[in-house]
Amino acid sequence: MELAIGIVTVLLAGWFFGCIVTYKVGNRILVEGMGIKSAEFVMLLLYSAGTAAYFCCKPVGRWILLGVLLFWAVVQFFCHWYYFIFGASEKKLQGYHECFKDTIPLFPPDETRIVPDLYHVILHLLIVGELALLIIELCIN
(Lines give C-alpha, C1' and ligand atoms only; values in the text may rest on other atoms or scores of the structure.)
Protein backbone atom coordinates (compact mmCIF):
# COMPACT_ATOMS: atom_id res chain seq x y z
CA MET A 1 0.00 0.00 0.00
CA GLU A 2 2.87 2.36 0.81
CA LEU A 3 4.22 1.93 -2.74
CA ALA A 4 0.85 2.82 -4.28
CA ILE A 5 0.56 5.88 -2.04
CA GLY A 6 4.13 6.83 -2.98
CA ILE A 7 3.33 6.62 -6.69
CA VAL A 8 0.17 8.71 -6.36
CA THR A 9 2.09 11.18 -4.18
CA VAL A 10 4.71 11.70 -6.87
CA LEU A 11 2.03 12.07 -9.56
CA LEU A 12 -0.01 14.49 -7.46
CA ALA A 13 2.98 16.62 -6.45
CA GLY A 14 4.21 16.79 -10.03
CA TRP A 15 0.75 17.61 -11.36
CA PHE A 16 0.07 20.23 -8.69
CA PHE A 17 3.46 21.86 -9.27
CA GLY A 18 1.79 23.26 -12.40
CA CYS A 19 0.00 25.69 -10.12
CA ILE A 20 3.38 27.20 -9.29
CA VAL A 21 4.91 27.13 -12.79
CA THR A 22 2.83 27.19 -15.96
CA TYR A 23 2.28 23.89 -17.81
CA LYS A 24 1.45 24.13 -21.52
CA VAL A 25 0.37 21.60 -24.11
CA GLY A 26 1.29 23.05 -27.48
CA ASN A 27 -0.04 26.59 -27.48
CA ARG A 28 -2.75 25.82 -24.90
CA ILE A 29 -2.33 26.35 -21.17
CA LEU A 30 -2.91 23.26 -19.06
CA VAL A 31 -2.58 25.34 -15.89
CA GLU A 32 -1.20 28.80 -15.28
CA GLY A 33 1.33 28.91 -12.47
CA MET A 34 0.75 31.44 -9.72
CA GLY A 35 4.32 31.46 -8.39
CA ILE A 36 5.68 31.16 -4.88
CA LYS A 37 3.70 34.11 -3.52
CA SER A 38 0.37 32.35 -3.83
CA ALA A 39 -2.13 30.28 -1.91
CA GLU A 40 -1.26 27.39 -4.23
CA PHE A 41 2.35 27.49 -3.05
CA VAL A 42 1.20 27.41 0.58
CA MET A 43 -0.92 24.34 -0.26
CA LEU A 44 2.09 22.73 -1.95
CA LEU A 45 4.13 23.33 1.22
CA LEU A 46 1.37 21.83 3.40
CA TYR A 47 1.13 18.81 1.10
CA SER A 48 4.91 18.41 1.11
CA ALA A 49 4.96 18.56 4.92
CA GLY A 50 2.14 16.01 5.12
CA THR A 51 3.94 13.73 2.68
CA ALA A 52 7.20 14.03 4.62
CA ALA A 53 5.34 13.22 7.83
CA TYR A 54 3.74 10.18 6.18
CA PHE A 55 7.04 8.70 5.04
CA CYS A 56 9.14 9.70 8.08
CA CYS A 57 6.87 9.61 11.14
CA LYS A 58 4.53 6.66 10.99
CA PRO A 59 1.94 6.08 12.34
CA VAL A 60 1.18 9.71 13.23
CA GLY A 61 2.32 10.84 9.77
CA ARG A 62 -0.60 8.98 8.21
CA TRP A 63 -3.02 11.14 10.17
CA ILE A 64 -1.18 14.33 9.29
CA LEU A 65 -1.29 13.50 5.57
CA LEU A 66 -4.95 12.51 5.92
CA GLY A 67 -5.71 15.90 7.49
CA VAL A 68 -3.87 17.77 4.72
CA LEU A 69 -5.63 15.79 1.98
CA LEU A 70 -9.06 16.24 3.58
CA PHE A 71 -8.47 19.99 3.92
CA TRP A 72 -7.30 20.19 0.30
CA ALA A 73 -10.28 18.17 -0.95
CA VAL A 74 -12.73 20.42 0.92
CA VAL A 75 -11.08 23.56 -0.47
CA GLN A 76 -11.20 22.16 -4.01
CA PHE A 77 -14.82 21.12 -3.57
CA PHE A 78 -15.86 24.63 -2.57
CA CYS A 79 -13.75 26.24 -5.30
CA HIS A 80 -15.03 24.06 -8.15
CA TRP A 81 -17.56 21.30 -7.54
CA TYR A 82 -19.92 23.24 -5.27
CA TYR A 83 -20.59 25.65 -8.14
CA PHE A 84 -20.84 22.78 -10.61
CA ILE A 85 -23.50 21.05 -8.50
CA PHE A 86 -25.45 24.06 -7.24
CA GLY A 87 -24.74 26.67 -9.90
CA ALA A 88 -22.93 29.98 -9.66
CA SER A 89 -23.75 33.66 -9.78
CA GLU A 90 -23.10 35.62 -12.96
CA LYS A 91 -20.19 37.39 -11.25
CA LYS A 92 -18.64 34.08 -10.14
CA LEU A 93 -19.04 32.60 -13.65
CA GLN A 94 -17.43 35.64 -15.28
CA GLY A 95 -14.48 35.53 -12.90
CA TYR A 96 -14.00 31.80 -13.33
CA HIS A 97 -14.25 31.92 -17.12
CA GLU A 98 -11.83 34.85 -17.26
CA CYS A 99 -9.32 33.11 -15.00
CA PHE A 100 -9.42 29.81 -16.91
CA LYS A 101 -10.22 31.07 -20.44
CA ASP A 102 -7.01 29.73 -21.99
CA THR A 103 -7.00 26.33 -20.28
CA ILE A 104 -8.01 23.03 -21.85
CA PRO A 105 -11.71 22.32 -21.28
CA LEU A 106 -12.88 18.79 -20.74
CA PHE A 107 -16.52 19.76 -21.25
CA PRO A 108 -18.08 22.85 -22.83
CA PRO A 109 -18.80 25.83 -20.56
CA ASP A 110 -22.23 26.10 -18.99
CA GLU A 111 -24.41 29.19 -18.61
CA THR A 112 -25.19 28.61 -14.92
CA ARG A 113 -22.52 26.24 -13.59
CA ILE A 114 -18.76 26.24 -13.26
CA VAL A 115 -17.29 23.34 -15.22
CA PRO A 116 -13.77 22.44 -14.06
CA ASP A 117 -11.15 22.17 -16.80
CA LEU A 118 -9.00 19.15 -17.63
CA TYR A 119 -6.24 20.13 -15.22
CA HIS A 120 -8.58 20.45 -12.24
CA VAL A 121 -10.49 17.25 -12.98
CA ILE A 122 -7.21 15.29 -13.00
CA LEU A 123 -5.98 17.15 -9.89
CA HIS A 124 -9.17 16.26 -8.02
CA LEU A 125 -9.02 12.62 -9.10
CA LEU A 126 -5.45 12.40 -7.81
CA ILE A 127 -6.40 14.00 -4.48
CA VAL A 128 -9.38 11.67 -4.03
CA GLY A 129 -7.30 8.69 -5.17
CA GLU A 130 -4.60 9.35 -2.60
CA LEU A 131 -7.23 9.98 0.07
CA ALA A 132 -8.86 6.64 -0.73
CA LEU A 133 -5.56 4.76 -0.61
CA LEU A 134 -4.64 6.38 2.68
CA ILE A 135 -8.05 5.55 4.22
CA ILE A 136 -7.70 1.94 3.06
CA GLU A 137 -4.22 1.78 4.58
CA LEU A 138 -5.50 3.22 7.86
CA CYS A 139 -8.30 0.63 7.94
CA ILE A 140 -6.05 -2.37 7.37
CA ASN A 141 -3.30 -1.28 9.79
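Overview of results
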| item | result |
| --- | --- |
| Filter pass, GLY95 being free of Cβ contacts under 8 Å to residues at least 60 places away in the same chain, on the phi > 0 side of the Ramachandran plot and either out of contact with any Leu (no Cβ under 9 Å at 6 or more places or on another chain) or outside any helix (DSSP H, G or I) (or both) | no |
| Matching residues in the range 1-29 - criterion: being open to solvent by 30 Å² or more (accessible area, probe 1.4 Å), of a type in the set (Val, Ile, Thr) and outside any strand (DSSP E or B) | ILE7, VAL10, VAL21, THR22 |
| Filter result (open to solvent by 80 Å² or more (accessible area, probe 1.4 Å), over 22 Å from LEU3 (Cβ atoms) and either under 19 Å from the mean Cα position of the chain (by Cα) or among the aliphatic types (A, V, I, L, M) (or both)) within the range 107-140 | PHE107 |
| Subset of the range 35-47 (residues that are touching a residue at least 12 places away in the same chain (Cβ under 8 Å), open to solvent by 60 Å² or more (accessible area, probe 1.4 Å) and over 14 Å from the mean Cα position of the chain (by Cα)) | ILE36 |
| Residue satisfying all of: in the range 68-84; free of Cβ contacts under 8 Å to residues at least 24 places away in the same chain and out of contact with any Gly (no Cβ under 7 Å at 6 or more places or on another chain); farthest from GLU111 (Cα to Cα) among these | VAL74 |
| Of all residues in the range 78-91 being more than 22 Å from ILE127 (Cβ to Cβ) and of a type outside the set (S, T, N, Q), the one that is surrounded by the most Cβ atoms within 10 Å (Cβ to Cβ) | GLY87 |
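To keep it simple, each residue is scored yes or no on (1) in contact with a Ser or Thr (Cβ under 6 Å, 6 or more places away or on another chain); (2) under 15 Å from LEU134 (Cβ atoms); (3) open to solvent by 80 Å² or more (accessible area, probe 1.4 Å).
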| site | (1), (2), (3) |
| --- | --- |
| CYS56 | no, no, yes |
| TRP63 | no, yes, yes |
| LEU66 | no, yes, no |
| LEU69 | no, yes, no |
| GLN76 | no, no, no |
| PHE100 | no, no, no |
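The values are calculated or read from the model by the stated rules, or taken from the named source; none is laboratory data. Only a predicted model underlies this, so the values are computations on that prediction, with no experimental measurement involved. We place every Cβ from the backbone using ideal geometry, glycine too, and count neighbours over all the protein chains shown. Heavy atoms of the whole protein, side chains included, go into the accessibility calculation; ligands, DNA and RNA do not. Shrake-Rupley method; radii C 1.70, N 1.55, O 1.52, S 1.80 Å.
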